[in-house]
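Engineer: Pasting a structure below so you can have a look.
The values are calculated or read from the model by the stated rules, or taken from the named source; none is laboratory data. Just so it is clear, the structure is predicted and the values come from calculations on it, not from any experiment. Here the Cβ is made from the backbone with ideal geometry for all residues, glycine too, and neighbour counts use every protein chain on show. Heads up: the accessible areas ignore ligands, DNA and RNA and are worked out on the full protein's heavy atoms, side chains in. Shrake-Rupley method; radii C 1.70, N 1.55, O 1.52, S 1.80 Å.
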Amino acid sequence: MENLVFVHDMKSEPYTTSDIVSEYSVVSRRRIRELITRHFNEFEQLGVLTFETSKINGRGRPHRIYHLTETHVTFLFSLLDNTPQVVKFNLLIAKAFKELKERVAEQQQEITNKNILLERNKQINKDLGQVIHEYLPDNKYAYSNYHTLAYLTVTGLTPKKLRNTYHVENAQEALTNEQLDEFERVKQAIASLIMIGQTYKAIKQAISI
């Protein structure tokens, strides 16, 4: 059902096309387009009706392929005869819309969770930076060294390597949610060990266990 319903991005509404409706409901493209044209104002009341133009098998005159949201499709089905093919496809497309919306919702939740972790890690970064500033004021390499150590511990890669590999500006953007959570714990551990006077070598050995 992945080829029945599409989405431009996670902020836009899922849609199918008039050609897909035609193919699976066994109603001619021309008939589908005629219904949409005849009731265009009604369709527009349910949401902006967009379209693309294409040639059938790359030949002939271009024809419009309408992008239909779930609401558009529901209205279109009300204009069609309830043939067995139409009824079957009605159920199929309803399931396809439901599955795609669930996948999009899951992706949006993952992004939300990652943004929460990133914001939380910004605070941890600040806290670790404050600890370094207070306890290691004369070590100008401490901030870079300890943050690199945290990245190496969690990912096996330096911040520079992460940025280059994943093409991001901030190395944290390359981490998964699980890695972000671990990254936070490692930095907290480093801050705690610095405060009790442990050396870089001792801290490196302690967090590697």
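Engineer: Loop by DSSP (not H, G, I, E, B), at most 15 other beta-carbon atoms within 10 Å: where is the longest site-free stretch of the chain for trypsin sites (Lys or Arg not before Pro)?
Structural biologist: 12-139
Engineer: Which residues make up the longest stretch of the chain clear of GluC sites (Glu not before Pro) that lie in a DSSP loop with no more than 14 other Cβ atoms within 10 Å, not counting the sites?
Structural biologist: 3-168
Engineer: Right, next: Report the normalised scattering of segment 122-209 as log10 I(q)/I(0) at q = 0.13 Å⁻¹, calculated by the Debye formula with identical scatterers on the alpha carbons.
Structural biologist: With no solvent term, the Cα-only Debye profile gives -0.39.
Engineer: Before I look further, what does the chain give for accessible area per residue, probe 1.4 Å, in whole square angstrom?
Structural biologist: Roughly 64 Å² per residue, with all protein chains present.
Engineer: Moving on to the next point. In nm, to one decimal, how far is the modelled label at Thr53 from the one at Arg103, with both set 7 Å along Cα→Cβ?
Structural biologist: Result for the modelled spin labels: 3.1 nm.
Engineer: Identify the residues of segment 38-52 with backbone N under 18 Å of a label point that sits 7 angstrom from the Cα of His8 along the Cα-to-Cβ direction, or state none.
Structural biologist: So the set is 44-52.
Engineer: While we're here: Checking understanding here: applying a Kyte-Doolittle mean of at least -1.0 and a length along the axis of at least 24 Å (C-alpha), which whole DSSP H helices in the chain pass?
Structural biologist: The qualifying helices are 84-135, 177-195.
Engineer: Ranked from highest to lowest mean number of other Cβ atoms within 10 Å per residue, what is the order of the peptides 12-20, 72-80?
Structural biologist: In decreasing order of mean packing, 12-20, 72-80 become 12-20, 72-80.
Engineer: Ala206 label point, 7 Å along Cα→Cβ, cut-off 20 Å on backbone N: hits in segment 142-176?
Structural biologist: Answer for this model: 142-155.
Engineer: Can you give the helix-only mean residue ellipticity at 222 nm for the chain, where every DSSP H stretch with n ≥ 4 adds -39500 (n - 2.57) and the sum goes over all residues, rounded to the nearest 500 deg cm²/dmol?
Structural biologist: Computed ellipticity for the chain at 222 nm equals -21000 deg cm²/dmol.
Engineer: Can you give me the distance in nm between label points at Ser192 and Gln85, each placed 7 Å from the Cα along the Cα-to-Cβ direction?
Structural biologist: Going by the 7 Å Cα→Cβ label model, 6.7 nm.
Engineer: Using alpha carbon coordinates only, what is the Rg to Rh ratio of segment 1-97, with Rh defined as the Kirkwood radius?
Structural biologist: 0.94
Engineer: I need two numbers for the chain: Rg to one decimal and Dmax as a whole number, Cα atoms only, in Å.
Structural biologist: Looking at the chain, its Cα Rg and Dmax stand at 27.6, 81 Å.
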